[in-house]
Amino acid sequence: MNLGVIPGRLNSTRFPKKIVYSLNGKSVIQHVYDNAKKSKLLNQLVIAIDSMETLSHLDKECETILTSKGHESGTDRVAEVAGKIKCNIVVNIQGDEPNIDANIIDKLIQLFDDPDVEMASVASTDLSDEDLENPNIVKVSLDVKNNARTFNRSIDDKGRKYFRHIGIYAYRKKTLEKFTNLEQSENEKKMKLEQLRALDNNIAIKLLITDFQHRSIDVKEDLKYYEI
């Protein structure tokens with residue numbers, strides 16, 4: 001059973017209440033839900049909210065679970081939901097990615113046809129010079145098997161090939177449980193990138209390569225990519 005979870009933290013640091021911001025007629029997180037719902041391989045899709053205020057910005061047919069306000073990350077919130085539902089693969093779909101493509105979700109799930117894959121994410125070839133200089137856009141470099149070598153906000157080695165990291169993750173349920181029980185690594189705390197906890201604990205992250213062009217909404221300035 002494949003479970004999709006959209007973590008809906010209301011008061012994000014850089015752009016508070018961005019998930020309920022009205023974008024072209026509906027909330028950002030409703031856009032995420034509507035697009036993810038088109039997936040052919042997700043058996044269930046849940047929004048993991050931390051505030052009842054979020055409900056007023058969602059359609060009534062959206063399935064939601066109220067989660068703890070004390071979680072330090074969206075992954076912890078996803079793990080709380082996954083712990084309540086019988087599933088095999090868990091997909092963490094970011095609540096600030098309004099144009100997420102359901103085909104990407106399905107291709108990400110298909111990576112788990114390989115029994116060696118424990119955790120997976122997405123990398124885009126659409127990486128501009130502006131993106132390279134933008135610390136809000138995470139860059140990823142890969143090894144020959146398309147596993148993540150490293151994730152960076154700033155680039156020191158301009159000779160290495162990088163991709164733009166898309167913040168969607170999938171896990172085998174047991175791997176998600178293992179990940180959330182690990183202590184934060186020093187690299188994770190330094191870079192503020194929780195995926196580094198996986199690499200620092202020898203959990204390989206397989207990357208799906210796409211040409212996905214849309215940007216997540218990290219700060220208010222990112223609305224320029226979406227508003228019409």
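Numbers for the structure displayed
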| item | result |
| --- | --- |
| Residues in the stretch 93-131 reached by a label modelled at K224 [backbone nitrogen below 18 Å; 7 Å Cα→Cβ] | 127-131 |
| Residues in the stretch 193-218 that a label on N181 would reach, taking backbone N under 17 Å of a point 7 Å out along Cα→Cβ | 198, 201-203 |
| Residue order, fewest to most surrounding Cβ atoms within 10 angstrom, among H165, H71, H214 | H214, H71, H165 |
| Net charge contributed by nearby residues that have their C-beta within less than 11 Å of I19 (K/R +1, D/E -1) | -1 |
| GluC sites (Glu not before Pro) restricted to DSSP loop in the stretch 174-224 with at most 13 other C-beta within 10 Å | E183 |
| Cα-centred dipole magnitude for the stretch 75-228, charges only on beta-carbon of K, R (+1) and D, E (-1), debye, nearest 20 | 440 debye |
| Calculated over the stretch 61-217: convex hull of Cα atoms, volume per residue (Å³) | 130 Å³ |
| Inter-part distance where the stretch 112-156 and the stretch 161-175 are each reduced to a Cα centre, Å | 8 Å |
| Unit charges at the beta carbon, dipole of the chain: most positive-side option, L55, L196, N35 | L55 |
| Which of D96, D156 has the fewest Cβ neighbours within 10 Å, and the rest in rising order | D156, D96 |
| √(5λ) per eigenvalue of the Cα gyration tensor, the stretch 1-88, largest first, Å | 20, 17, 10 |
| Residue exposure sequence - R197, R160 - by fewest surrounding Cβ within 10 Å | R160, R197 |
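Just so you know, all these numbers are worked out from the coordinates, no wet-lab data involved. Please read all numbers here as calculations on a predicted model, not as lab measurements. For neighbour counting, all protein chains shown are included, and Cβ atoms are generated from backbone atoms with ideal geometry for every residue, glycine included.
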